[in-house]
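Below is one structure, written out as structure tokens; comments come after it.
The values are calculated or read from the model by the stated rules, or taken from the named source; none is laboratory data. Nothing here was measured: the structure is a model prediction, and the numbers come from that model. Using ideal geometry, Cβ is built from the backbone for each residue, glycine included, and neighbour counts are taken over all protein chains shown. The protein model used for the area step is the full one, side chains on, heavy atoms only, and it has no ligands, DNA or RNA in it. Shrake-Rupley method; radii C 1.70, N 1.55, O 1.52, S 1.80 Å.
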Amino acid sequence: MNELELTGRARTHIVDLDRPRCALHYAAATSFLAMRDAAAGAGIDLAAASSFRDFDRQLHIWNAKWTGERPLLDRQGQPLVAASLDEAARIDAILCWSALPGGSRHHWGTDCDLIDAAALPEGYRVQLVPEEYAPGGVFGRLTAWLDENMARFGFHRPYASAGCGAGVEPWHVSYWPVAHDALEALTLPVLRRAVAGSAMLGKEQVLERLPEIYTRFVLAVDSPRANSGRASSRLA
Ligand SMILES: [Zn+2]
């Protein structure tokens, strides 16, 4: 992936699929569809609640949380008033639940948020919360199936365990043969250029803190090995 692709400012690496409707890196799509076929054999209708997301979409989310147009939640999911927080606290609160534009793994097309469309009760609205993916939850079977099977298709969960950065996301899977290289290529200078050239609110403060943000939220992910069996710690 080139610098624009890595930071979601181009979609030349992306293919759009119809069934299931999603947008993925061209080198991840075949494995994703093979995994979906295997899941179908177990009665699971693997679908993506979110797949490729571009820089502008992520920037829109960021800026809307900055201004309070979108709800800002603390680590416990309690609402915060954006206007009452200083810039540093606002950045921390946003990063708790949203990636920095340019630093989202969704830019790569290797990562998606999975649901089991066959398990959805009539009229059910997916929230992407841990309870849904826990045993007995609406996607409990999906979790168990992924635990058992996703590794042989090249997928793993980068946010499986509680680290110092983003929250635990059992729905978020990543195609590591491509994502591994993307993470190496997304260096601090690459991320800095993407942020510096954008209309991001709080940009000066973000750029000042970028090495820390990069370490805590981009680098601190679980490796594929950490997913098998025990959940081990992320990089500090
Ligand atoms: Zn995700």
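Here are some notes:
- Extreme residue, surrounded by the fewest Cβ atoms within 10 Å (Cβ to Cβ), among residues of region 96-126 that are among the charged types (D, E, K, R) and either in a helix (DSSP H, G or I) or touching a residue at least 24 places away in the same chain (Cβ under 8 Å) (or both): Asp113
- Scanning region 73-95 for residues that are closer than 22 Å to Tyr214 by Cβ and outside any loop (DSSP other than H, G, I, E, B) returns Glu87, Ala88, Ala89, Arg90, Ile91, Asp92, Ala93, Ile94, Leu95.
- Residue within region 199-219 that is open to solvent by 60 Å² or more (accessible area, probe 1.4 Å), without any contact (Cβ under 8 Å) to a residue 12 or more places away in the chain and more than 26 Å from Ala93 (Cα to Cα) present: no
- Subset of region 16-68 (residues that are out of contact with any helix residue (DSSP H, G or I) (no Cβ under 8 Å at 6 or more places or on another chain) and among the polar types (S, T, N, Q)): Thr30, Asn63
- Test for Asp74: is it in contact with a helix residue (DSSP H, G or I) (Cβ under 9 Å, 6 or more places away or on another chain) and either surrounded by fewer than 18 Cβ atoms within 10 Å (Cβ to Cβ) or of a type in the set (Lys, Arg) (or both): yes
- When region 126-152 is filtered for residues that are closer than 25 Å to His13 by Cβ and within 13 Å of the ligand (Cβ to nearest atom), only Leu128 remains.
- Check on Ala93, without any contact (Cβ under 8 Å) to a residue 40 or more places away in the chain, in contact with a Leu (Cβ under 6 Å, 6 or more places away or on another chain) and open to solvent by less than 20 Å² (accessible area, probe 1.4 Å): yes
- Subset of region 168-185 that is aliphatic (A, V, I, L, M) and within 16 Å of the ligand (Cβ to nearest atom) - its residue that is most open to solvent (accessible area, probe 1.4 Å): Val168
- Residue that is of a type in the set (Ser, Thr, Tyr), within 16 Å of the ligand (Cβ to nearest atom), under 30 Å from Arg152 (Cβ atoms) and within 14 Å of the chain's Cα centre (by Cα), where the choices are Ser98, Ser51: Ser51
- Considering region 106-125, and only residues there that are among the aliphatic types (A, V, I, L, M) and more than 16 Å from the chain's Cα centre (by Cα), the residue that is farthest from the ligand (Cβ to nearest atom) turns out to be Ala118.
- Considering region 1-14, and only residues there that are out of contact with any strand residue (DSSP E or B) (no Cβ under 6 Å at 6 or more places or on another chain) and of a type in the set (Val, Ile, Thr), the residue that is surrounded by the most Cβ atoms within 10 Å (Cβ to Cβ) turns out to be Thr7.
- Every pair of residues 6+ apart whose Cβ atoms lie under 6 Å, when the first sits in region 23-44 and is farther than 18 Å from Ala117 by Cβ while the second is modelled with pLDDT of 95 or more and among the small types (Gly, Ala, Ser): His25/Gly109; Ser31/Gly154
- Of the residues making up region 127-142, those that are assigned to a loop (DSSP other than H, G, I, E, B) and crowded, with 16+ Cβ neighbours inside 10 Å number 4.
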